[in-house]
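Taken together, the values in this text are just the output of simple stated rules run on the coordinates, not laboratory data. Quick caveat, the model's predicted, so the values are computed rather than measured. Neighbour counts run over all protein chains shown; Cβ positions are idealised from the backbone, glycine included.
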Amino acid sequence: MILILGATACNKQKIGESVNNTNSLSVNNSGQHIQRQLDTNLSVDADVIAPTGINKVNMLRVSPVTLVNKTVETLLLANSSISQKQDNGDNGTVCQTADGKELYIGMGQVNFQTGKFRTYIHQILYKDIIPGDAFFNFNRFSKNRDLDLPFMPHQQAVDEVKRGLLSLGISVYDKVETYSLDYQTLQTQEKTLNDKGELTSPKDGSTILKDGWNKEDNCYFMILRSGFDNLPIYPLDHGSVEANTIVPSAYIYVCYSQKGFEYLTMANQYQKMSTDQEGLNLISAEEALAVVKRKYGNIILTDPTTITGIELNYVRTLINQSRDEFQMVPAWCFEVTEIRAMGDGSKVTAHSRVIIDATNGGEIL
């Protein structure tokens, strides 16, 4: 659900090109906004997102994190009495507590929620936070970014969550997308959705109105990404179904209140095993963009197509089709948005992405 995404000090601007905010650029174009027409029906209008000053990165070898059930239970169920526990072998373990918490551990996933989150908060948020959704939209809470709530400053809450995830063996990227949901905001959203007939539980489609919201309902909702060496892991699916090379999305969503974790869902997290190659030189975002332009130059674009995201990530790639180990390759990840005209005169927005190996300029399929 979250959207994603060198090594010349500067690139000369060509006649007819528009490049904004070019002051104090790092060697990989970090912080630059690139806006220009690339070809017929192909343009770019995107910020370049990358750690400032980075121009060399290690290529890593990683494996899926082994989740220890007892450690997960200690983090999420420490103050609760387990009333029911079912071990389904390879299909995972399900726990329920006397105070209404539910926890699933298995298949590389953790899904946890308290009774309050499941009953009241989830039905307000769930249409915005479908795990692994590439194009979620949390805009209705944009005014609530990084505000401090009375029970705890937002940065302290983020640090508490990071410490909890670290105890599970999860390496978290420094930047966290945080929304401060005070009880007035939650109450207003509940009423708005209910008036529209859109307030329904994701579990069974029912609607349960909370009998009064108060300061104890204040919470932070966080969208986190795992990462290594100050570089985030590409969070979206990529690969080919036909070639059996699909690598599934990696995500971490958290709701945190004065009582601790109210919600945690995550999947496909990794731990570092070794460094395959050290100190690799990276191509710049502009050089990677040139590769994308050449790719689309071989396609007749009939509808307006815009590159709307450019980000330097670690991208997981398969090693001999194994799912036990992956290579983390530094790559420029491009989000592409196409406005397609339909036969009935309407228009639809289609999303795709292109991933370019930042060490050699080759496309990662």
*Starting from the Cα of Lys272, draw a straight line to each of the lysines and keep only those under 24 Å, dropping any in the same chain fewer than 8 residues away.*
Lys56, Lys70, Lys162, Lys175
_Cα gyration tensor shape for the stretch 255-365, rounded if a/c is under 1.5, else prolate or oblate_ = oblate
*What nm distance separates the two modelled labels at Asn360 and Lys259, each placed 7 Å from Cα along Cα→Cβ?*
5.3 nm
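Taking 25 Å as R0, compute the FRET efficiency from the Cβ-Cβ separation of Thr74 and Met107 and round it to 0.05. Write down the numbers at each step before the final one.
Working: r = 20 Å, r/R0 = 0.82.
So the FRET efficiency works out to roughly 0.75.
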_Point-to-point label distance, His351-Ile319, nm (Cα→Cβ direction, 7 Å offset)_ = 3.1 nm
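Starting from the Cα gyration tensor of the stretch 149-272, take the square roots of the eigenvalues, sort them a ≥ b ≥ c, and report rounded, prolate or oblate (rounded when a/c is under 1.5, otherwise prolate if a/b is larger than b/c, else oblate).
Numbers: a/c = 2.82, a/b = 1.42, b/c = 1.99.
In terms of gyration-tensor shape, oblate.
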*Three-way shape label, the stretch 66-268, alpha-carbon gyration tensor, a/c 1.5*: rounded
*Inter-label distance, nm, simple model (7 Å from Cα along the C-beta direction), Lys175/Glu160*: 2.5 nm
*Please state the relative contact order of the stretch 66-268 as a whole percent: Cα pairs under 8 Å, 6+ residues apart?*
21 percent
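At R0 = 22 Å, how high is the FRET efficiency between Thr207 and Gln184 if r is their beta carbon distance? Nearest 0.05 is fine. Don't skip to the answer; put the middle values down first.
On the way: r = 20 Å, r/R0 = 0.93.
The value I calculate is 0.60.
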_Using only DSSP helix segments of four residues or longer, with each worth -39500 (n - 2.57), what per-residue ellipticity at 222 nm results for the chain after dividing by its residue count and rounding to 500?_
-4500 deg cm²/dmol
*Provide the FRET efficiency to the nearest 0.05 for the Lys56-Lys293 pair, computing r from the beta carbons and using R0 = 25 Å.*
0.50
*Which lysines, on any chain, are close to Lys293 with Cα under 16 Å apart, when same-chain ones fewer than 8 places away are left out?*
Lys14
*Please work out which option in [x] 42; [y] 21; [z] 26 gives percent of Cα pairs over 37 Å apart calculated from these coordinates, and answer with its label.*
[z]
*Under a cut-off of 18 Å between alpha-carbon atoms, report the lysines in cross-link reach of Lys116, not counting same-chain residues fewer than 8 places apart.*
Lys101, Lys127, Lys191, Lys203, Lys210, Lys215, Lys259
